[in-house]
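Below you'll find the structure, written out as structure tokens, and then a few comments.
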Amino acid sequence: MDIQWYPGHMVKTKKMIKQNLRLVDVVLELVDARAPLSTKLPDADSLVGSREIITVLNKADLADKKVTEMWINYFKDRGIPAVSVDTLRKTGFKRLFSLINSVKKRSLLGSRRCMIIGVPNVGKSSLMNQMAGRKSARTADVPGVTRSKMWLKVSDNLELLDTPGILWPKFEDKAVGIKLAMLGSIKEDLLDLQQLAFILIKFLSIYYPERLKSRYNLNTNIPPLQALEKIAASRGFFLEGGILDIERSAKTIITEFRQGKIGAISLERPEEKEGFWIDISNQDIV
């Protein structure tokens, strides 16, 4: 499955980030808790220079809690400050503020300033809103909403700088592009939704078979295409002439995964040396 896309405004975004680094004390890099490594910017360290980075595992409510704990330990073992955050249940923020306050301030005047960076649709604006305790930043469940820099005053002692989402020109690891697509970081009109759904069903059948059974009453050994057909039949997704609407089934399972309706699911685990994602480019998913 090849994902073709053009980064467009992202070169300009990187330039804007570098120009504004002198204004901030610390950088918050948001990653999706369901795939922290795949959603982490590969050039984050070079992008922010000497500024300290705090890794924020956002959308923790949608991820497998045990796997998220593994990721926190993974970053801790590498000396990277990290915290998991759930903006809906407002958890993790006490720890986040503690990490921010532990960073040495670079100027003696004014409030502490943080820049927030991350891939599209990782939840930067939602995090800012929750930190500020009000709905101020513009948010939406589609990639590419934040178009320019946006400052938000959290308190007399803290200000946040939001930035547009960033992706990179080429996915060296095919699995990374697929996971980003599943999470909604790439616009849907660039994707083959059926192929994406096939891969998601195969993944769930291996790692979370009970979720497939509970949500869709699917057996773990059912081929992905038959799974989509069964979902279409059970949900009443039909085209003219009584033909099953497979495309609608594909979009449904992807959307329900993103929204957490299938359950708390993590797409990757620390230091995977083998398994589904390692072999994905050589597997016949269909």
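Here, each number is a calculation from the coordinates, and none is a lab measurement. Keep in mind that what you see is a predicted model, and the values were worked out from it rather than measured. Cβ: placed from backbone, ideal geometry, glycine included. Neighbour counts: every protein chain shown.
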Can you list the lysines whose alpha carbon sits under 17 Å from that of Lys261, skipping same-chain ones fewer than 8 residues off?
Lys59, Lys65, Lys213, Lys251
Would you look at the GNM of the chain, springs on alpha carbons closer than 10 Å, and say which of Val103, Val27, Val119 moves the most?
Val103
Rel. contact order, % - alpha carbon contacts under 8 angstrom, at least six apart, the chain:
20
Would you please put 28-38, 245-255, 70-80 in order of how densely packed they are, using the mean number of other Cβ atoms within 10 angstrom per residue and starting with the highest?
28-38, 245-255, 70-80
Rounded, prolate or oblate: pick one for the stretch 6-126, where a ≥ b ≥ c are the square roots of the eigenvalues of its C-alpha gyration tensor, a/c under 1.5 means rounded, and failing that, prolate if a/b is larger than b/c, else oblate.
oblate
Leu244's amide H: which non-local residues (gap 5+, or another chain) put their own amide H closer than 5 Å, with H modeled 1.01 Å from N in plane and none for Pro or chain starts?
Leu239
Give me the Debye-computed log₁₀ of I(q)/I(0) at q = 0.10, 0.16 Å⁻¹ for the chain, equal point scatterers on Cα only, no solvent, two decimals.
-0.55, -1.27
Between rounded, prolate and oblate, where does the stretch 53-113 land on the alpha carbon gyration tensor, with a ≥ b ≥ c its root eigenvalues, rounded for a/c under 1.5, else prolate if a/b exceeds b/c?
oblate
Residue-normalised 222 nm signal for the chain, counting each DSSP H run of n ≥ 4 as -39,500 (n - 2.57), nearest 500 deg cm²/dmol, is -11500 deg cm²/dmol
Once you've got the Cα coordinates, tell me which of Lys40/Lys153; Lys18/Lys124; Lys124/Lys153; Lys187/Lys273 are over 21 Å apart.
Lys40/Lys153; Lys187/Lys273
